[in-house]
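One structure is given below, encoded as structure tokens.
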Amino acid sequence: MAATSAVRAAGRRSRRLFDIFVAEVPWTVSSKELKEYFSQFGSVQRCQLPFDRDTGFHRRYCWIKFSTPEDVQNVLQKDSHILEGSKLALKQQNRRRRSQRKNQSE
């Protein structure tokens, strides 16, 4: 079993992240609806929509993780993204894992 988890961990480390940051998400939109919307541009691996513990509402922003950089480019090529009458603000995130940042600084 230890060998299996080591293989999974190595696979996670080797994958690059292709993320989009989305702001101005309407209060009424759920993570499921966001994932469905962005699935039209490619394969969505994850949608992270953080919630405020005090209010119970989401914070009106999220991160979308796609499978490939081509999926990200498909999203960015569209001029505007509108959900429930609100225009979403998108920004490509160029996140790197800590180990990649450390290696580049040396």
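The values are calculated or read from the model by the stated rules, or taken from the named source; none is laboratory data. Keep in mind that what you see is a predicted model, and the values were worked out from it rather than measured. Glycine also receives a Cβ, built like all others from the backbone with ideal geometry; neighbour counts cover every protein chain displayed. Each accessible area value is taken on the protein alone, full model and side chains, heavy atoms only, with ligands, DNA and RNA left out. Shrake-Rupley method; radii C 1.70, N 1.55, O 1.52, S 1.80 Å.
What accessible area per residue, rounded to a whole number of Å², is obtained for the stretch 19-92 using a probe radius of 1.4 Å?
Details: 4500 Å² over 74 residues.
Heavy-atom accessible area per residue stands at 61 Å².
Tell me, what is the percent relative contact order of the stretch 19-92, built from C-alpha pairs under 8 Å that lie six or more residues apart?
The value is 44 percent.
Please compute the modelled spin-label separation between ALA23 and GLU84, points set 7 Å along Cα→Cβ, answer in nm with one decimal.
Output for this residue pair reads 2.0 nm.
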